[in-house]
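Student: Mind looking over this structure? Questions follow.
No value in this document is a laboratory result; all are computed from the given coordinates. Fair warning: this is a prediction, and the values are worked out from it, not measured in the lab. Here Cβ is always computed from backbone atoms with ideal geometry, including for glycine, and neighbour counts include all displayed protein chains.
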Ligand code: NDP
């Protein structure tokens with residue numbers, strides 16, 4: 001048994017509540033593996049957890065994805081062996097660390113062509129795009145999707161994924177530089193929503209019809225206006241709350257705005273079962289290995305600089321994916 005540096009927090013709050021402690025890693029029990037991380041992914045959900053928007057029992061470790069090497073395998077785990085290169089996304093927070101023991105079901109063998117940093121950067125965001133485009137609403141070539149925060153981690157993967165499917169993705173972002181980045185990654189159109197009224201612009205870009213689907217991870221600041229971008233019977237996928245949670249609302253709004261559909265999915269439901277998780281990951285790896293999707297790591301931070309990483313994410317200063325290096 002060895003010790004590992006692990007980022008924990010004891011009270012919800014700002015980036016300063018995180019601290020690094022040394023703690024024993026232990027041996028994997030049945031259905032578990034021990035992984036030594038080469039890189040850990042940073043995601044916006046880590047901020048919801050740290051700040052108390054998604055409460056965790058305290059004290060708690062943070063981080064929902066990582067990549068590294070399997071050091072030990074618990075009883076009953078058949079798809080992994082000691083020494084395997086792996087990557088994962090998990091609903092069990094605690095990946096900001098040198099090494100951890102965790103359930104094996106969501107741990108996926110990482111193809112040799114994908115390096116550890118890319119593996120750590122892509123799992124949670126890539127699996128999210130996989131379920132958004134393939135497991136949430138039927139989407140086909142020629143459909144139009146409005147995708148907010150298109151230059152972010154999930155966003156840049158979504159731009160490329162949509163392009164590969166022939167889906168017309170209209171992205172939004174807060175600066176001209178971010179808009180250009182989203183366009184380079186495959187967005188058909190991009191709206192700077194700090195400067196332009198995105199509802200009016202979407203109507204213009206769709207000849208007044210509206211889009212088939214909105215994928216909205218901004219939450220409070222955009223939710224209602226996003227509904228105004230949909231065609232009749234269009235689908236609103238509300239999958240995040242970077243600006244705050246969507247406040248309670250009258251369901252009748254969906255009828256009044258055009259018989260709209262609404263879903264609030266989460267990746268952790270999709271990856272809960274081992275077989276489905278591995279199937280989704282295989283699809284993601286295929287997209288990356290074929291070159292249809294390139295994972296853009298916009299920022300890398302040492303484990304000690306985790307607070308600075310959170311500050312930059314919250315300040316909207318990041319683009320693409322971000323990784324922590326233990
Ligand atoms: P991003 O890299 O996309 O960062 C969040 C982005 O949101 C910012 O860069 C910013 O882009 C935009 N934003 C708009 N308003 C605000 C605000 N008030 N404060 C901060 N950011 C704001 O993060 P991720 O790729 O990690 O995640 C994207 C979203 O998807 C998050 O909301 C996340 O929770 C959600 N998500 C949901 C999942 C699910 O299954 N439900 C799974 C994975 C992610 P800009 O400056 O261009 O506006």
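Student: Based on other C-beta atoms within 10 Å, arrange 321, 217, 113 from fewest to most.
Tutor: If I rank by nearby Cβ atoms, fewest first, I get 113, 217, 321.
Student: Rounded if a/c is under 1.5, else prolate if a/b is larger than b/c, else oblate: which is region 1-160, with a ≥ b ≥ c the root eigenvalues of its Cα gyration tensor?
Tutor: Since a/c reaches 1.5 but b/c is at least a/b, the shape of region 1-160 is classed as oblate.
Student: Rounded if a/c is under 1.5, else prolate if a/b beats b/c, else oblate: with a ≥ b ≥ c from the C-alpha gyration tensor eigenvalues square-rooted, which is the chain?
Tutor: Values: a/c = 1.90, a/b = 1.64, b/c = 1.16.
Here the chain falls in the prolate category.
Student: Still on this structure, please answer the following. Among 177, 65, 300, whose mean-square fluctuation peaks in a Gaussian network model of the chain (Cα, cutoff 10 Å)?
Tutor: With Cα springs under 10 Å in the chain, the top fluctuation among 177, 65, 300 is at 177.
Student: On a 0 to 90 degree scale, rounded to 10, what angle separates helix 274-289 from the longest Cα axis of the chain?
Tutor: 70 degrees
Student: Neighbouring Cβ atoms within 10 Å as the yardstick, rank 143, 46 fewest first. Kindly include the intermediate steps, with their values, before the conclusion.
Tutor: Numbers: 143 17, 46 28.
Ranked by crowding around the Cβ, least crowded first: 143, 46.
Student: Sorted from largest down, give the three principal axis spans of the alpha carbons of region 137-264, whole angstrom values.
Tutor: 39, 30, 24
Student: To check you understand DSSP bridge types, tell me what percent of the beta bridges within the chain (both residues inside) are antiparallel, rounded to 5.
Tutor: Numbers: 33 of 57 bridges.
That works out to approximately 60 percent antiparallel.
Student: May I pose another question? Helix 116-134 sits at what angle to the longest principal axis of the chain, using alpha carbons and giving 0 to 90 degrees rounded to 10?
Tutor: For helix 116-134, the angle is close to 40 degrees.
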